[in-house]
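The values are calculated or read from the model by the stated rules, or taken from the named source; none is laboratory data. Note that this is a predicted model, so its numbers are computed, not measured. Here the Cβ is made from the backbone with ideal geometry for all residues, glycine too, and neighbour counts use every protein chain on show.
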Amino acid sequence: MRPARADTRSKPERGRDYGYSNARVRGMRSRLLPSSFYDSFMECPDLQATIRALSGTEYGPDLESKILHGQTFGAVDEALKENMVRTYRKVLRVVNGEGRFIVSTLLGRWDLFDIKTIIRGKHMHLPAEEIEESLIAAGELTKVDLDALTNQEDVRGVVDTLYIWGVPYGVPLRAAMREYVATNNLAGLELALDRHYAEWASERLSNRRENYQLAERVLAAQTDATNLVTAFRLLKADMEGADKAALFLPGGKDVSIELFRELTGLSDIDEVLERLRRTPYGKSLEAAALEYVESGSIAVLERVLEDFVMRRALATSHVNPLGAGVLISFVWAKQNEVTNLRIIVKGSSVGMPPDRMRRELIVV
């Protein structure tokens, strides 16, 4: 049984003085690794060398506790993830009430990520240990919660457990289970998860104050990116006669339901990219068009959109030095650092050339 916890995110708390919290967060940001670190880090000849390099950073204590039983990629990866989660918990402890409400709303996407990962793993009949390797307990669900979910027997067990716990995702998932049982297709469950988070977070951030609007713009970019990836995938899907608009997520800004319908009615990727040229995403997607044509992988375009959202989030710190943008920007900057370090550590463990690793990095 999941331990009962008060819902600290149900409503915004009072307190909007960001002076103290932003000073603390700037101190944390000053400890992020400089871009020059990555150049030398990618030259490490093996995993042992990467561990030695990381041991001299703030990740050292996390590494020390994780590699006691062996210097493996898994141990290093777990140390990096735990450092990120611990850092997020620290941010939530030092911020004021409004900042905590905003940041926890944005961190809620990690619950979405983890539940999706667990459901996909159960659908593919992966062992719990393998599923756990991909989880990051940076949202409301703790590592204990996630361990309990990964130890459920199947998808239904995960959904029923979330419902019994009273986790909000349990309700839409239960409603989508009938279709999953009938088709053995995860699309309906994943759509239910995406829609719940988009609606939940959008409602929480629907406030006229500047700090909420900053966070809402980042959330809107995330939602737009998800809708665009869906549109790209539908180009290759056989859905004649189906209501493609049913896959649209609310809460975006630059990709409306009308534009989504138009995009999903086009015949190829060139037409889609041409139509998107007049949106904020056009230039970035156009720059990746050649790579997409050469690879044929939608992951190329998905990566570009991920980069776009990251840059928008990082830019929030420039709006107001005494506002929530400093917090939002740091949360994404920390994620970006950990993501890039994980890419490099993984690359080093399999002998990936540095130039290939660099192409995989997000923002440096």
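Remarks
- Candidate set from region 295-323 (those that are touching an Asp or Glu at 6+ places or on another chain (Cβ under 7 Å) and within 27 Å of residue 98 (Cβ to Cβ)); member that is surrounded by the fewest Cβ atoms within 10 Å (Cβ to Cβ): 320
- Residue, farthest from residue 349 (Cα to Cα), within region 60-107, restricted to residues that are buried (at least 21 other Cβ atoms within 10 Å of the Cβ) and small (Gly, Ala, Ser): 99
- Looking across region 114-165, the residues that are among the hydroxyl-bearing types (Ser, Thr, Tyr) and out of contact with any Ser or Thr (no Cβ under 7 Å at 6 or more places or on another chain) come down to 142, 150, 161, 163.
- Taking (1) under 16 Å from residue 334 (Cβ atoms); (2) touching a residue at least 24 places away in the same chain (Cβ under 8 Å) in turn, residue 37 satisfies each apart from (2).
- The single condition among (1) free of Cβ contacts under 8 Å to residues at least 60 places away in the same chain; (2) farther than 24 Å from residue 300 by Cα; (3) in a helix (DSSP H, G or I) that residue 262 does not meet is (2).
- Residue selected from region 278-287 under the condition surrounded by 15 or more Cβ atoms within 10 Å (Cβ to Cβ) and under 21 Å from the mean Cα position of the chain (by Cα), by the criterion farthest from residue 229 (Cα to Cα): 284
- Residue within region 82-103 that is under 25 Å from residue 139 (Cβ atoms), within 21 Å of the chain's Cα centre (by Cα) and acidic (Asp, Glu) present: yes
- Scanning region 166-189 for any residue that is within 18 Å of the chain's Cα centre (by Cα), at pLDDT 95 or above, closer than 30 Å to residue 316 by Cα and not in a helix (DSSP H, G or I) turns up at least one such residue.
- Within region 304-321, the residues that satisfy the criterion of being touching a residue at least 40 places away in the same chain (Cβ under 8 Å) and farther than 20 Å from residue 31 by Cα are 305, 306, 307, 308, 309, 312, 319, 320.
- Selection status of residue 194, of a type in the set (Asp, Glu) and either surrounded by fewer than 19 Cβ atoms within 10 Å (Cβ to Cβ) or in contact with a Gly (Cβ under 8 Å, 6 or more places away or on another chain) (or both): no
- Region 248-259, residues that are surrounded by 14 or more Cβ atoms within 10 Å (Cβ to Cβ) and over 12 Å from residue 223 (Cα atoms): 259
- Comparison of 226, 161, 150 shows that the only residue that is closer than 25 Å to residue 277 by Cα and at pLDDT 95 or above is 226.
- The one condition in (1) of a type in the set (D, E, K, R); (2) in contact (Cβ under 8 Å) with a residue 24 or more places away in the chain; (3) closer than 30 Å to residue 343 by Cβ that residue 268 fails to fulfil: (3)
- Here region 1-18 is the region considered, the condition is being over 25 Å from the mean Cα position of the chain (by Cα) and surrounded by fewer than 10 Cβ atoms within 10 Å (Cβ to Cβ), and the residue that is modelled with the lowest pLDDT is 4.
- Test set (1) touching a residue at least 12 places away in the same chain (Cβ under 8 Å); (2) of a type outside the set (Gly, Ala, Ser); (3) more than 16 Å from residue 29 (Cβ to Cβ) - residue 356 fails condition number: (1)
- For region 191-212, the criterion of being farther than 29 Å from residue 330 by Cβ and part of a helix (DSSP H, G or I) is met by at least one residue.
- Contacts under 6 angstrom Cβ, first residue in region 64-89 being assigned by TED's automatic domain parsing to the domain that holds residue 48 and touching a residue at least 60 places away in the same chain (Cβ under 8 Å), partner assigned to a loop (DSSP other than H, G, I, E, B) and crowded, with 19+ Cβ neighbours inside 10 Å, 6 or more apart: 81/136; 83/59; 88/138
- Selection status of residue 270, acidic (Asp, Glu) and either under 16 Å from the mean Cα position of the chain (by Cα) or assigned to a loop (DSSP other than H, G, I, E, B) (or both): no
- Selection over region 234-269 of residues that are modelled with pLDDT under 90 and charged (D, E, K, R) gives a count of 6.
- Taken together, the criteria exclude residue 209 from residues that are more than 17 Å from residue 122 (Cα to Cα) and under 18 Å from the mean Cα position of the chain (by Cα).
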